[in-house]
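The values are calculated or read from the model by the stated rules, or taken from the named source; none is laboratory data. Note that this is a predicted model, so its numbers are computed, not measured. With ideal geometry, Cβ positions are generated from the backbone for all residues, glycine too; neighbour counts draw on all protein chains shown.
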Amino acid sequence: MKINKFEDLPIWKSAIGLTIEIYDVTFMGKFAKDFCLRDQIRKAIISISSNIVEGFEKNNNNEFIRFLKIAKGSAGEVRSQLYIASALGYISKEKFDHLNLKFQDLANQIGSFISYLEQKRKNGEFIRK
């Protein structure tokens, strides 16, 4: 599999969709007024797609894997912040469950892609050189 542009990566597309969802919920109610949490969760969600792209553009599997791991970590960071937002009553249980599941799925997708790239690297094959 050869991907020539980051826009073709399903994990990048998912991250962009989730970015829009996070921005939507952080524009509403008490969440919008909690500048610290609002800004931190926005930075973390932006970090996911940005690190996917930065790693891809390095044109090197090792670097790509490294940046994907950072993106996966940021997905976990967003989930942690969603727990805080839920506990503070900034989002409903339904919205929390929906977003938490989506971020778990994205983290799993990124993890699977990392495993795929690591296997390719182990076999001497490279997606990005």
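A few comments on the model shown:
- Only residues that are modelled with pLDDT of 95 or more and in contact with a helix residue (DSSP H, G or I) (Cβ under 8 Å, 6 or more places away or on another chain) were counted across segment 106-129, and they come to 7.
- First in segment 14-35 and over 18 Å from S47 (Cα atoms), second anywhere and part of a helix (DSSP H, G or I) and modelled with pLDDT of 95 or more, Cβ under 7 Å, 6 or more apart: F31/V25; F31/R38; F31/A85; A32/T26; A32/R38
- Some residue of segment 34-45 being polar (S, T, N, Q) and at pLDDT 95 or above: yes
- Residue count for segment 65-91, restricted to those that are crowded, with 19+ Cβ neighbours inside 10 Å and either among the small types (G, A, S) or at pLDDT below 95 (or both): 4.
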